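Structure first, then comments.
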Amino acid sequence: MGNIALNPITPTWKVNDNIDFEVTFENSRDCNFLNLVIHRIFELNDLAIGQFILPLKENGNNKYQVALNISNVGVYYISKVVAEKYPKNETNSEIYDMHHPLLFDSFEENEFFSPYFLITDDNANYTTKAIKDYVYKTYQDRHLSLKLGDNEGQNQFTYEVVVLCKDVYLSSDTNFKSCTVKPYIPSTNDDMLKRINNYLETKKWKKFDEKEVRKDILYSPNPQVIFEFPKVFASNKDEVVNLVVNEIEMILGAYSLTRNAIGEILAIAVKNADTNEQYLTFSEMDYVGNIACGDVFGENPFLNNCITDTSKENNFLQLCISLFNQASIEDNIEFAFTKYWSVLETMAESKNYNEKQLHKYNLDGVKLNPLTSKQRPGKKDYVRELIREYKNKDNNHIENILISTTPLTNNKMELLLSVWYYHRNCAVHAGGCIRGVLKGCKDNCNLITKEYIINQKGLDVQQNILLDTIRQTIRQILIIESTKNAENKNLISQYINQNISVVRQRKYIIN
């Protein structure tokens with residue numbers, strides 16, 4: 001197709017000036033418009049300010065000219081060029097039909113040339129070299145500014161970290177304050193197909209064709225990105241991993257909103273820049289649910305068929321199980337309390353309890369202070385009634401769960417309910433547990449040892465007894481609700497209450 005060059009007549013322009021570019025084609029193909037994407041250079045990243053479709057005016061000797069104006073001070077460059085030909089309007093030869101180009105030439109990055117140019121609001125007149133030097137210095141300073149952690153503490157080392165993530169699709173590098181995110185080689189379905197074929201070969205199946213390629217327009221190999229942290233300040237490699245994982249979770253949270261991408265960490269490589277020691281950790285899916293097997297430990301086929309059949313006919317039950325599953329994979333303790341509480345609250349609100357029956361007795365049978373005429377039962381009252389209802393239906397299984405936190409709650413079921421609720425409130429109102437801040441939580445928090453509050457990563461989520469009680473209570477309620485109309489109750493009655501919740505938990509192990 002050839003090359004194209006777009007040279008601004010002068011490197012410095014005033015705000016809102018018509019910026020004239022001299023255009024040289026090697027092969028113009030009679031195009032009459034240029035479609036340009038303009039980027040502006042900011043301190044941390046470059047940003048596209050817009051797309052311009054500009055008429056291409058012939059200037060003689062295979063020279064052309066385009067003009068645009070920009071209203072903000074800054075340094076800019078052209079990042080994409082497409083030459084297009086639009087037909088003239090059938091009724092007015094002075095107007096072009098801009099809906100359907102007759103042809104277009106798209107130039108790759110190495111096929112067009114255009115220098116940086118400056119928009120200013122004063123009378124300064126910078127040269128092309130001065131602008132270029134400024135750009136290179138800005139890019140250099142970007143890399144030097146990236147850092148994570150506090151380098152003021154004692155016994156701190158400097159680490160470099162490279163992290164591989166999947167399920168995020170990016171087209172260019174992006175800088176955050178701590179790192180750079182770069183597109184990486186995507187993975188495909190080839191390996192999965194090979195594994196399937198290897199298994200089916202043992203069953204004497206014919207292999208599926210590995211050459212068949214999906215044609216649907218939405219399909220793309222699983223995208224991956226690399227996070228590069230040039231400077232992480234920490235006292236040891238475990239602290240590095242915690243800092244980096246927390247930072248990446250924040251960034252992936254942003255991409256989940258803006259790119260509709262639920263990214264996932266695959267591997268973390270750590271290098272001590274002071275000693276050159278290297279460490280590698282893979283993100284591992286560890287099963288931390290029930291490992292006791294057999295029908296009485298949750299494998300009962302009648303039980304599981306019953307739950308499945310009931311769910312198919314009950315969309316609300318499907319919703320509650322889905323919410324429960326989402327809470328089960330949450331690795332932040334306070335967020336997990338909030339998600340589990342939302343399951344209880346959702347189920348309680350669906351019951352349409354009579355308000356007059358609420359807020360009379362707590363879970364331990366102690367009479368509650370009556371509400372005033374202006375007060376109405378709250379969320380906690382509805383959840384309490386839900387638990388009371390199911391506690392009376394399951395042969396003491398739920399009650400055994402509720403009092404399993406001894407000595408943390410002194411066998412007080414109502415106190416445990418309050419602890420759940422205050423954890424939920426801390427997360428919703430304060431972003432996490434802050435001991436003694438919210439009204440009424442100080443006394444309850446003082447009953448909880450510090451380790452159950454501040455440990456929020458890894459297996460601590462599973463080892464948190466208070467969190468486990470709410471998880472097991474909900475699980476038991478969902479099982480009761482799913483099997484209340486079972487035809488084969490005698491065949492599923494052998495199921496006994498065990499701690500069998502299957503929780504997906506990701507942890508990072510330094511090797």
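Quick check: with the 1.4 Å probe, what order do 293, 426 take by accessible area, largest first? Spell out each step's value before the answer.
Numbers: 293 100, 426 5 Å².
Ranked from most to least accessible, the order is 293, 426.
A crude spin-label estimate for the pair residue 58 and residue 396, with each label 7 Å from Cα along the Cβ direction, gives 9.8 nm.
Restricting the range 28-94 to GluC sites (Glu not before Pro) that sit in a DSSP loop and have at most 14 other Cβ atoms within 10 Å of their own Cβ leaves 43, 90, 94.
Accessible surface for the range 35-130, divided over its residues, is 62 Å² per residue with a 1.4 Å probe.
Spacing of the modelled spin labels on residue 389 and residue 5, each 7 Å from Cα toward Cβ, amounts to 7.9 nm. Protein heavy-atom accessible surface, 1.4 Å probe, per residue over the range 355-408: 62 Å².
Once the Cα-Cα distance is subtracted from the 0.36 nm per residue extended length, the residue 98 to residue 113 segment shows a gain of 2.8 nm.
The values are calculated or read from the model by the stated rules, or taken from the named source; none is laboratory data. Just so it is clear, the model here is predicted, and its values are computed rather than measured. Glycine also receives a Cβ, built like all others from the backbone with ideal geometry; neighbour counts cover every protein chain displayed. To get the accessible areas, we keep the full protein, side chains included, count just its heavy atoms, and leave off ligands, DNA and RNA. Shrake-Rupley method; radii C 1.70, N 1.55, O 1.52, S 1.80 Å.
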